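Peer 1: My questions will all concern the structure given below.
The values are calculated or read from the model by the stated rules, or taken from the named source; none is laboratory data. Because the structure is predicted, anything quoted here is derived from the model rather than measured. Don't worry about glycine lacking a Cβ; one is built from the backbone with ideal geometry, like all the others, and counts go over all protein chains shown. Heavy atoms of the whole protein, side chains included, go into the accessibility calculation; ligands, DNA and RNA do not. Shrake-Rupley method; radii C 1.70, N 1.55, O 1.52, S 1.80 Å.
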Amino acid sequence: MESYKQEIDITLRVNGVEYRDQVPAHMTLLQFLKEKLFLTGTKEGCGRGECGACTVIMDGRTVNSCLVLAVEADRSKIRTIEGEAKRGRLTALQKAFIDYGGTQCGFCTPGMIMSGQNLLERNQKPSRDEIVEAIAGNLCRCTGYELIIQAIEAAASKKGK
Amino acid sequence: MIMPFAYVKPGTIQEAIEALQTDNSWPLAGGTALLVDMRDGVKRPDLLVDIKGLRELDSFTIDSKKGITIGARTTLNFLVENKKLRASCPVLAEAALVTATFQLRNQATLVGNICKASPAADMAPSLYILGAQVVTTGPRGERRIPIADFMIGPQKNALKKGELVVQVEIPPPPKAKMAFLKKQRIKGHDLSVVNVAGLADTESGTLRLCVGACAETPVLLEGTDQLYKKTRDLGKLGEQIADLALSSISPIDDVRASADYRRDMVRVFVKRIVSRICS
Ligand SMILES: Cc1cc2nc3c(=O)[nH]c(=O)nc-3n(C[C@H](O)[C@H](O)[C@H](O)COP(=O)(O)OP(=O)(O)OC[C@H]3O[C@@H](n4cnc5c(N)ncnc54)[C@H](O)[C@@H]3O)c2cc1C
Ligand code: FES
Ligand code: FES
């Protein structure tokens with residue numbers, strides 16, 4: 001056992017910035033983002049893969065950061081909600097969420113935006129069914145989803161309101 | 001909270017086998033089952049052996065003569081997105097698409113799904129009807145284990161200490177109709193209350209069905225070929241296969257459904273699969 005370590009050195013890029021750190025093996029990527037980098041936009045709802053509030057993009061694919069260890073993110077590129085708006089300019093999707101009322105209490109919103117943005121980058125003209133499937137792992141207690149779906153549809157067709 | 005443990009990400013199978021001989025060590029694939037078990041205190045590993053650095057687990061091949069191999073690093077979304085697999089063996093892609101959520105499928109592997117050995121594992125029934133073999137390696141060398149001998153009980157697989165799964169191998173799928181259906185409590189993502197996979201090949205008179213979440217492991221029905229050859233009437237065949245299924249399973253009451261409800265749903269879903277693949 002001596003040869004296997006509980007503290008591991010990692011290097012990763014988060015929203016374009018490189019970070020090096022030593023982390024305990026049991027630290028999740030979600031904890032690393034919130035507690036080490038103070039990127040508190042990503043939320044923890046359930047901590048067990050059910051709610052999607054913790055969704056971030058890792059090497060181009062969405063993951064539940066509560067079920068990824070920080071060490072597993074070694075050498076990866078991570079995108080979180082903090083990196084979406086560039087110099088205070090919201091993305092088309094963020095604007096659409098505001099315009100269409102796709103956000104109410106806001107707890108699910110960072111995860112929803114990451115799932116929605118990832119969908120739009122994979123598929124520029126998603127059907128309604130494809131949108132529903134892409135956000136099926138993101139739970140929202142407030143909006144009833146309809147306005148979120150409309151916001152993603154609007155961002156895909158780039159029509160403001 | 002997840003309790004502290006050590007972590008290693010070997011670059012070779014040999015190193016991985018060595019690490020897995022450590023007491024209380026577990027392989028880590030996508031982690032979507034393992035990390036939840038650790039959070040719940042069901043598993044308290046001293047060492048996690050991350051197998052995502054092992055190139056040998058990467059294989060993914062489809063060959064009309066040799067069949068299909070799916071390496072242990074293959075994720076469920078890879079299966080959903082692979083066009084060749086959709087064409088030659090759509091049932092696997094179909095099952096993967098209704099397993100967990102999009103984010104989870106980016107991490108979750110097919111091999112992790114059967115290693116976890118949940119009776120409700122959604123990838124398992126298709127592997128049963130396809131006659132899949134699980135290829136393992138370990139301190140004593142390689143083994144090939146038929147899927148039904150690999151999943152041996154709830155949360156229990158046939159791996160011995162130090163062993164890991166390299167890949168799953170599927171013989172060339174017959175030009176048959178196949179389908180997978182899953183009954184869940186809600187429209188969103190949920191574990192199966194009942195799941196059923198079926199395969200029907202009119203030419204050879206082969207009919208295979210496997211029912212999940214209704215016994216300690218998925219159950220491959222025996223005697224389906226005879227019924228298929230004997231019975232012309234589709235409605236009658238469905239009833240006969242459903243009777244056979246009900247006499248082969250032993251469902252229990254749990255948080256997701258009662259045993260009675262499961263029995264009712266098995267009848268509905270077996271008939272539905274039969275009418276879909278035998279017509
Ligand atoms: C919210 C949520 C929803 C889910 N929904 C479903 C669902 O609808 N249907 C379903 O079937 N499952 C579901 N699951 C369970 C899980 O996501 C799947 O079983 C998944 O396929 C597991 O794969 P993994 O790669 O993440 O496995 P891991 O969590 O990495 O591993 C699972 C187990 O297998 C072992 N293991 C993994 N790979 C190997 C290997 N190569 N050799 C030896 N042992 C190995 C691990 O040690 C561990 O014990 C869900 C999970 C969550 C959190
Ligand atoms: S906090 Fe990660 S899925 Fe709920
Ligand atoms: S806006 Fe409140 S949970 Fe979605």
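Peer 1: Looking at A:Ile148, A:Ile98, which one is outside the structural domain of A:Gly49 (by TED's automatic domain parsing) and touching a residue at least 24 places away in the same chain (Cβ under 8 Å)?
Peer 2: A:Ile148
Peer 1: While we're on this one: For the stretch A:71-83: of the residues being within 13 Å of another protein chain (Cβ to nearest Cβ) and either under 15 Å from A:Thr40 (Cβ atoms) or buried (at least 24 other Cβ atoms within 10 Å of the Cβ) (or both), which is farthest from ligand 3 (Cβ to nearest atom)?
Peer 2: A:Val71
Peer 1: Pull up the stretch A:31-53, narrow it to residues that are within 27 Å of A:Tyr4 (Cβ to Cβ) and either within 14 Å of ligand 1 (Cβ to nearest atom) or assigned by TED's automatic domain parsing to the domain that holds A:Glu133 (or both), then point me to the one that is surrounded by the most Cβ atoms within 10 Å (Cβ to Cβ).
Peer 2: A:Gly49
Peer 1: Taking the conditions exactly as written (aliphatic (A, V, I, L, M), away from ligand 1 (no atom under 16 Å from the Cβ), within 13 Å of chain B (Cβ to nearest Cβ) and closer than 29 Å to B:Val98 by Cα), does A:Val68 satisfy them or not?
Peer 2: Judged against the criteria, A:Val68 is not a match.
Peer 1: Of everything in the stretch B:1-36 that's hydroxyl-bearing (Ser, Thr, Tyr) and part of a strand (DSSP E or B), which residue is nearest to the other protein chains (Cβ to nearest Cβ)?
Peer 2: The selected residue is B:Tyr7.
Peer 1: Shifting gears a bit: Scan the stretch B:88-99 and report the pairs whose first residue is part of a helix (DSSP H, G or I) and whose second residue is open to solvent by 50 Å² or more (accessible area, probe 1.4 Å), with Cβ atoms within less than 7 Å and a gap of 6+ or a chain change.
Peer 2: Listed pairs, sorted by first residue: B:Ala93/B:Arg86.
Peer 1: Under the condition of being within 11 Å of ligand 1 (Cβ to nearest atom) and crowded, with 16+ Cβ neighbours inside 10 Å, which residue from the stretch B:53-69 is nearest to B:Val111 (Cα to Cα)?
Peer 2: That would be B:Leu57.
Residue-wise test of (1) touching a residue at least 40 places away in the same chain (Cβ under 8 Å); (2) within 15 Å of ligand 2 (Cβ to nearest atom); (3) more than 18 Å from B:Asn77 (Cβ to Cβ).
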position	(1), (2), (3)
A:Met58	no, yes, no
A:Ala92	yes, no, yes
A:Thr109	no, yes, yes
A:Gln117	yes, no, no
A:Ile131	no, no, no
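Peer 1: Counting just the residues of the stretch B:81-101 that are open to solvent by 20 Å² or more (accessible area, probe 1.4 Å) and closer than 27 Å to B:Val36 by Cβ, which one comes out nearest to ligand 2 (Cβ to nearest atom)?
Peer 2: Restricting to residues being open to solvent by 20 Å² or more (accessible area, probe 1.4 Å) and closer than 27 Å to B:Val36 by Cβ, the top hit is B:Ala100.
Yes/no matrix, rows are residues, columns are (1) of a type in the set (D, E, K, R); (2) part of a loop (DSSP other than H, G, I, E, B); (3) at pLDDT 90 or above:
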residue	(1), (2), (3)
B:Arg185	yes, yes, no
B:Leu191	no, yes, no
B:Leu199	no, no, yes
B:Arg267	yes, no, yes
